[in-house]
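Structure, as structure tokens:
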Amino acid sequence: MESAGVPINGLRDRIIATAARLVYLTPTFQNPTGAVMPAAARKEVARIASELAIPVIDDGILAELALEGETPPRIAAYAPTAPVVTIGSLSKMAWPGLRTGWLRAPEPMIERLARIKSAGDLGSPLLTQAITARLLGAVDQIRTLRRRHLKSRRDLLAGLLREHLPDWKFRLPAGGLFLWVKLPRGDSREFAQVALRHGALILPGTAMSASGQHASFIRLPFIPEEKMLRAGVRRLAAAWREFQSAARRSAQPNVGMV
């Protein structure tokens, strides 16, 4: 990942070299970095999908949670007939328990996916489908309200971190649900254990990497209410003080007497 999302240079060659059968992307507010792929890169992905006839999944579940400005069009907008599957859902915008979403893709792909789904289960629960259908009629109001709440919580969390943990570094995302925070020192896996003892559950960066990288990062959600965010940052600050103190002690040389 780069600041503008997955680097597109070399993507075509990588697909060919690995005999890839599928490309999965979260181009809008990527989890956990919050990166947004620019329009030129999306257009290139659409061209590659058309040229190589390789399915590309555009996971747009977080795309509705724009907190600043406008986001580029979905990948499929640049090649409507390309094998691009766009995923949508109300689970992040309305209610996490509403596990109902939808797909948009060329008709032959939809027909194939429908057959696969009917063979895999008996269908999504009717109650949640009915709730989703009703909510779609109010999606504009839901989106506006959700964005307003998330923006205030994002700004609150960022302000609390700057006040209580000023040496932690992060880039304020333009949307999504998370801050991707870089610790100034230490292993985030070890710090996560200390934070847990202080009552703060955090996700170390290595859990977001297929190769165990990003050990200096943690992912912090700004979804909770204000009271929980304030309490969480206080606990993180106390855990960080303990973590640094333990690191300093372990770095001191052992001095013995003869």
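If I ask for residues that are among the aliphatic types (A, V, I, L, M), in a helix (DSSP H, G or I) and without any contact (Cβ under 8 Å) to a residue 12 or more places away in the chain, which ones from segment 1-59 would you list?
Residues of segment 1-59 that are among the aliphatic types (A, V, I, L, M), as a first pass: 1, 4, 6, 8, 11, 15-17, 19-20, 22-23, 25, 35-37, 39-41, 45-46, 48-49, 52-54, 56-57.
With the extra rule that they be in a helix (DSSP H, G or I), the set shrinks to 11, 15-17, 39-41, 45-46, 48-49, 52.
Listed by number, the residues that qualify are ALA17, ALA40.
Scan segment 212-228 for residues that are farther than 21 Å from ALA174 by Cβ, part of a loop (DSSP other than H, G, I, E, B) and hydrophobic (A, V, I, L, M, F, W, C) and jot them down.
The one that is farther than 21 Å from ALA174 by Cβ, part of a loop (DSSP other than H, G, I, E, B) and hydrophobic (A, V, I, L, M, F, W, C): ALA215.
Of everything in segment 162-177 that's in contact with a helix residue (DSSP H, G or I) (Cβ under 9 Å, 6 or more places away or on another chain) and within 27 Å of GLU70 (Cβ to Cβ), which residue is most open to solvent (accessible area, probe 1.4 Å)?
Here the answer is LEU172.
Hey, VAL194 hits all of (1) closer than 21 Å to GLY34 by Cα; (2) modelled with pLDDT of 95 or more but one; which does it fall short on?
Only one criterion in (1) closer than 21 Å to GLY34 by Cα; (2) modelled with pLDDT of 95 or more is unmet by VAL194, namely (1).
Take SER152 and tell me if it is open to solvent by less than 80 Å² (accessible area, probe 1.4 Å), touching a His at 6+ places or on another chain (Cβ under 8 Å) and farther than 29 Å from ILE48 by Cα. Step through it out loud before you land on a result.
Details: open to solvent by less than 80 Å² (accessible area, probe 1.4 Å): yes; touching a His at 6+ places or on another chain (Cβ under 8 Å): no; farther than 29 Å from ILE48 by Cα: yes.
Answer is no for this residue.
For segment 135-145, check the following and say yes or no: at least one residue is in contact (Cβ under 8 Å) with a residue 60 or more places away in the chain and not in a loop (DSSP other than H, G, I, E, B). I'd like the intermediate steps shown before the answer.
We begin by selecting, within segment 135-145, every residue in contact (Cβ under 8 Å) with a residue 60 or more places away in the chain; these are 143.
Right, trim to not in a loop (DSSP other than H, G, I, E, B) and you get 143.
Yes, the conditions are met somewhere in segment 135-145.
Across segment 195-208, what is the total count of residues that are assigned to a helix (DSSP H, G or I), hydrophobic (A, V, I, L, M, F, W, C) and more than 18 Å from ASP167 (Cα to Cα)?
Step one: list which residues in segment 195-208 are assigned to a helix (DSSP H, G or I), which gives 195-197, 205-208.
Adding the requirement that they be hydrophobic (A, V, I, L, M, F, W, C) leaves 195-196, 207-208.
The next check asks that each one be more than 18 Å from ASP167 (Cα to Cα); those that pass are 196, 207-208.
Selection size over segment 195-208: 3.
Restricting attention to segment 171-183, which residues are touching a residue at least 24 places away in the same chain (Cβ under 8 Å) and either hydrophobic (A, V, I, L, M, F, W, C) or closer than 17 Å to ALA247 by Cβ (or both)? Don't jump to the end; show me each part of the working.
Filtering segment 171-183 down to residues touching a residue at least 24 places away in the same chain (Cβ under 8 Å) leaves 171, 173-183.
Answer for segment 171-183, where residues must be touching a residue at least 24 places away in the same chain (Cβ under 8 Å) and either hydrophobic (A, V, I, L, M, F, W, C) or closer than 17 Å to ALA247 by Cβ (or both): ALA174, LEU177, PHE178, LEU179, TRP180, VAL181, LYS182, LEU183.
Name the residues in segment 78-134 that are closer than 27 Å to ALA53 by Cβ, in contact (Cβ under 8 Å) with a residue 40 or more places away in the chain and assigned to a helix (DSSP H, G or I), would you?
Step one: list which residues in segment 78-134 are closer than 27 Å to ALA53 by Cβ, which gives 78-89, 101-120.
If we keep only those that are in contact (Cβ under 8 Å) with a residue 40 or more places away in the chain as well, we get 101, 109.
Once the filter is applied, which keeps residues that are closer than 27 Å to ALA53 by Cβ, in contact (Cβ under 8 Å) with a residue 40 or more places away in the chain and assigned to a helix (DSSP H, G or I), segment 78-134 yields only MET109.
Can you tell me which residue in segment 185-201 is most open to solvent (accessible area, probe 1.4 Å), limited to those that are touching a residue at least 24 places away in the same chain (Cβ under 8 Å) and not small (Gly, Ala, Ser)?
First, the residues of segment 185-201 that are touching a residue at least 24 places away in the same chain (Cβ under 8 Å): 185-192, 194-195, 197-200.
Next, only the ones that are not small (Gly, Ala, Ser) stay: 185, 187, 189-191, 194, 197-198.
Values: ARG185: 117, ASP187: 33, ARG189: 114, GLU190: 111, PHE191: 0, VAL194: 13, ARG197: 161, HIS198: 58 Å².
Among those that are touching a residue at least 24 places away in the same chain (Cβ under 8 Å) and not small (Gly, Ala, Ser), it is ARG197.
The values are calculated or read from the model by the stated rules, or taken from the named source; none is laboratory data. A quick note: this is a predicted structure, and the numbers were derived from the prediction, not measured. Note that we place each Cβ from the backbone using ideal geometry, even for glycine, and neighbour counts take in every protein chain shown. Protein only, heavy atoms only, side chains kept; ligands, DNA and RNA dropped before computing areas. Shrake-Rupley method; radii C 1.70, N 1.55, O 1.52, S 1.80 Å.
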